[in-house]
Ligand SMILES: [Zn+2]
């Protein structure tokens, strides 16, 4: 069943364009991204976000790291204390710089949706202006309320500080014209992906962390990070569903693949605007 967000986000018409943003990097073993992947192969994976541009506003999907935490030595030690994993961020504030570089203004932001609450996706929620909704799946929010924390690679304050801006949705939900949240739980209890149907007729599906890499889609292998026992099958179902969506006029972008074209082009300094 596909629901519709009550009131929908206040943007008109079909989405005009997508702006892919690379807002940080994280060193990852391939085996962290692909179940059965190589444990000794390390990738520098981009941390990604996307702006969906409409004629009268825009919607932000994912937000990267909390740069203020990354740059505070004490908090960084508390939060980024993982074997072989750390946050790598460009100078400045990469999300603010990317939004400005795309010619978008925060006052025109109609809504922000977060694929899931891992800390490489929630750190820029703090930039979402008052009154603008931050949309999460209810099951993801329940995971947060049940105590998901640093051991789960979650920085709870990123979401808790959003207070009343947080709005929860249940499963497949149309958020705005041409923008649908897809239930792809497994990687986390309420992980969601997004389908964007552009005015041009082109459709882009943002897999987010249900498929970190193109190889997840090509080889139909699920992500390996599955924090809840028994969610392996859900994660596998999610990656197969995303792989099945690929076809004429429909592309699926993996969430963290340095070699896939939108992120590769962005990392090479191109200002990409997909129409
Ligand atoms: Zn994740």
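Descriptive notes on the structure:
- Projected label distance in nm at residue 219 and residue 273, using a 7 Å step from Cα toward the beta-carbon: 3.8 nm
- Distance from the stretch 95-159 to the stretch 160-207 (C-alpha centre basis), Å: 12 Å
- Highest average first, the peptides 8-18, 180-190, 34-44 ordered by how many other beta carbon atoms sit within 10 Å of their residues are 180-190, 8-18, 34-44.
- Full extension of the chain between residue 177 and residue 200 yields a length gain of 6.9 nm, computed as 0.36 nm times the residue separation minus the alpha carbon distance.
- Once the C-beta distance of residue 31 and residue 264 is scaled by a Förster radius of 22 Å, the resulting FRET efficiency is 0.50 to the nearest 0.05.
- Sorted peptide list for 62-68, 87-93, criterion being average Cβ within 10 angstrom, highest first: 62-68, 87-93
- Once the Cβ-Cβ distance of residue 164 and residue 74 is raised to the sixth power relative to R0 = 30 Å, the FRET efficiency obtained is 0.55.
- For residue 55 and residue 8, a Förster radius of 22 Å and the Cβ-Cβ distance give a FRET efficiency of 0.90, rounded to the nearest 0.05.
- Annotation for residue 142 and residue 105: the two label points, set 7 Å from Cα along the Cα-Cβ direction, are 4.1 nm apart.
- Short-range pairs are left out: with C-alpha atoms under 8 Å and at least six residues apart, the relative contact order of the stretch 3-258 is 20 percent.
- Both radii were evaluated on the Cα set of the stretch 121-197; the Rg over Rh quotient, with Rh as the Kirkwood radius, amounts to 0.96.
- From most to least packed by mean Cβ count within 10 Å, the peptides 100-111, 194-205 give 194-205, 100-111.
- Residue list for the stretch 123-158, given a label point 7 angstrom along the Cα-to-Cβ vector of residue 97 and an amide N cut-off under 17 Å: 124
- Radius of gyration and Dmax over the Cα atoms of the chain, both given in Å: 17.0, 49
- Rounded, prolate or oblate (a/c below 1.5 giving rounded, otherwise prolate when a/b exceeds b/c) for the stretch 141-262 by Cα gyration tensor: oblate
- Cα gyration tensor category, rounded, prolate or oblate, for the stretch 79-183 with a/c compared to 1.5: oblate
- Paramagnetic label zone (point 7 Å from Cα along Cα-to-C-beta, residue 232; backbone N under 19 Å) in the stretch 184-203: 185-189
- Over the stretch 1-93 - Rg/Rh using Cα atoms and the Kirkwood inverse-distance radius: 1.10
- Secondary-structure-derived ellipticity at 222 nm for the chain, considering helices only, amounts to -6000 deg cm²/dmol, per-run term -39500 (n - 2.57) for DSSP H runs with n ≥ 4.
Only the coordinates and a few stated rules stand behind these numbers; no lab work does. Please read all numbers here as calculations on a predicted model, not as lab measurements. Please note: Cβ atoms are built from the backbone with ideal geometry, for glycine as well, and neighbour counts cover all protein chains shown.
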